[in-house]
Structures are given as C-alpha cells and as structure tokens.
Amino acid sequence: MQDNNHPLRVFVSTSTHPWFNLAVEDTIFRTMSSAQNVLFLWRNDNTVVIGRGQNAWRECNTRKMEQDGVVLARRQSGGGAVFHDLGNTNFTFMAGKPGYDKSVSTQIVLNALKTLGIEATASGRNDLTMDTPEGARKISGSAYKETKDRGFHHGTLLINANLSRLGDYLKPDPKKLQAKGITSVRARVANISDYVPEITHQALSDAIKSAFFNHYGNTAEIEYIAPEAKPDVEGFNAIYEKQCSWEWNFGKSPQFMHTFDERFEWGGIELHLDVKNGEIADCQLFTDSLTPGPLEILASQLIGQTYHSETLYQFVTNQAEVDPSHQAMYQDIALWLRYALA
C-alpha cells in the first residue's frame, strides 16, 4: 500500500569526498520535512571518518594519513573511527518521529542483501555480520543521531575495501596521550566480495533503493548530487564550509593531555600540553638545560597556539629569529614538535 503521507526522497552522491558527502547528509537532515523518509547513498575515497566525540590524534595515525593524502572527517553521529575507500558503500536513512526506527532501516538493508544472495544478521547495536567458513564476520557498522523530531541511521557496507589499510591509519602513533572521549573497538571484518565475488557498489545501491521503495510501497525520482550539482536544500554552503574546517575535524576533539620528551645536545626537555578544542590551553615544560630561561618563555608563548604540527613548527621557528642567540635550540625544538605532533 502506498504511503503518500510520508513522501520519499532518494539522493545519490557521485562525489567521493567525505567533506562534501557529510555536509550533504547534515544539511538534508537539518532541513528535511519530518513527514519525509529519506535515503542517501554515497562513497568516500581515502578517508578516515571519526565519531562526533572522538579524539582525532588518539584514534588515527595522523602523520601517516598526511603522508598518504588520506582525509580526516568528523561526522555528526557518535561511534568509532572507520576507514573508507571505494570498496565501501555508505547508506543513510532519515525519518521524522514517531516513524523513525533504526530497526526498520536495518531490515531494509538486510532485505537488500538477501536479494543479492547474502544472508546477513544484525549483531549487537551497530553491526551486521555474515557467516563465513571462518566464522561470523562483520560486514557493516552503523551509527545514529536523533533530535526531538527526527533521526538518522547511517552505516557502511564492506564490498571490496582494502582491509590491510585499516591498520595503517586507525592506529595512533604511540604517544602518551591521556585522552578523554570514545575509543574505537576493532572487530573482525570481511569483504562481501570474498564470498559473493560478483557484488558491486552499483548492484548493492540498486538493491537498497528497491528495498527502500518496497518497504514504503512508494517510489521517488533519484536525485543525483555532486559539488557541481549541489543538493536542492537550504543552508548547504554554510554547513559545507564548517565540515571542511580544521576546527571541526580536529579542533572538536575532546580535551586531552599530550606528554612527550626528547634529549638534545644542549639538554633534555619534557613537555606537557593540555589541549582543548584543538588549542593549547596550558603548557608545562621541564628541562635540565643550562639556559632554561628561553624555554620557560617559550612554554608560556605556546599557550593559545593551535595544536598542529606545521603551525607550531612555524611559530617556534619564528622565535628563533626573534632570539638569534638561542637559534639552534629553537630550531631543534621546532623540528621535534613538527615530528612529534604530526
């Protein structure tokens, strides 16, 4: 039976950049009618997506990501960190309340998989698993967000993702971070294509669209979107600008302390940085240098600076020009911070 009281909208992104796709998702969610049911299908390439409450530096090897051109993106929902490449198919279901029910969207995905010959099961609160000869393996993870009048459920399906890259980026450098926030829990994962070789992103997307239409007994014209064909929704540009910003992706990390030390020819140094909203809120410095004065001044000057390797490198390098009598010491510290914070 058709449900004309709850019209459907289906968006398909042809972009593979996470900042665009997450901005689209957020904008649609904020502006949609609570009477609508929305499906959004998308993919990200070379991306680590972290949960709203996570610490980017604790979750990720940010140095390795920067070297390999992997983008960090913070999403609006909670949950853990995930690596995305073009072997992932991402889905988002949105609905107004009281109709919003994440078990409904989960079942739509399970129904879609079943039409492709894939028997999967909901496991726990967030995952879908499929039985394999090696045992149950996770093929999908999800996260959720709710407001007073609407909710969304989004997740990723592993088709043929490069799982070996998970360990490259979802493992932080062994820094001494005393961090607050949510830490990701790793699970044993598998690609669907290992067991159903003919599966493709397009086939899976089509199956999800069909299952979505079948559940609601209605259809909708597919709305294809890209940076050059932005979604017909209000307020997108402002949300996209926020999603692209360092302040959102890194600066929203929960408060934490980074403690690290190094020894140079002129002495040893131990640095304790309290970081809040991506800025150094407090700095404690200890040293056995015979000239501690400039270091103590530098510690006070670091307060208020952005916790970012290149920013601090440039800042300390500039101090070397201000105080040329200690230039070598400042240059040593600048290079050390550039490496230690990357």
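The values are calculated or read from the model by the stated rules, or taken from the named source; none is laboratory data. Since the model is a prediction, treat every value here as computed from it, not as a measurement. No Cβ is skipped: glycine too gets one built from the backbone with ideal geometry, and neighbour counts run over all protein chains shown. The protein model used for the area step is the full one, side chains on, heavy atoms only, and it has no ligands, DNA or RNA in it. Shrake-Rupley method; radii C 1.70, N 1.55, O 1.52, S 1.80 Å.
Observations on the structure shown:
- Loop GluC sites (Glu not before Pro), the range 25-129, which have at most 11 other Cβ atoms in a 10 Å radius of their Cβ (DSSP): E119
- The range 177-321 - accessible surface per residue (Å², probe 1.4 Å): 54
- 13 Å cut-off, amide nitrogen to a point 7 angstrom out along D282 Cα→Cβ, residues in the range 43-65: none
- Of the accessible area of the chain, computed with a 1.4 Å probe over protein heavy atoms only, carbon and sulfur atoms account for 49 percent.
- Answer label, with Rg and Dmax of the Cα atoms in Å calculated from the coordinates and candidates (i) 24.8, 103; (ii) 21.7, 71; (iii) 23.5, 82: (iii)
- Karplus-based coupling profile of the range 28-40, in residue order and whole Hz: 4, 4, 6, 10, 4, 6, 5, 8, 8, 10, 10, 10, 10, with θ = phi - 60° in 6.51 cos²θ - 1.76 cosθ + 1.60 and x standing for Gly or Pro.
- At the residue level, D68 shows approximately 60 square angstrom of accessible surface with a 1.4 angstrom probe and all protein chains present.
- Rolling a 1.4 Å probe over the heavy atoms of the protein chains gives the range 1-128 an accessible area of 37 Å² per residue.
- The chain, helix-only ellipticity at 222 nm - DSSP H runs n ≥ 4, -39,500 (n - 2.57), divided by all residues, nearest 500: -9500 deg cm²/dmol
- Computing FRET efficiency as 1/(1 + (r/R0)^6) for E265 and A238, where r is the C-beta to C-beta distance and R0 is 56 Å, gives about 0.65.
- Fully extending the segment from E198 to T115 would add 28.6 nm, taking 0.36 nm per residue of separation and subtracting the current Cα-Cα distance.
- Restricting the range 78-157 to trypsin sites (Lys or Arg not before Pro) that sit in a DSSP loop and have at most 13 other Cβ atoms within 10 Å of their own Cβ leaves R125, K148.
- In terms of accessible area, using a 1.4 Å probe and ignoring ligands and nucleic acids, H17, H272 rank largest first as H17, H272.
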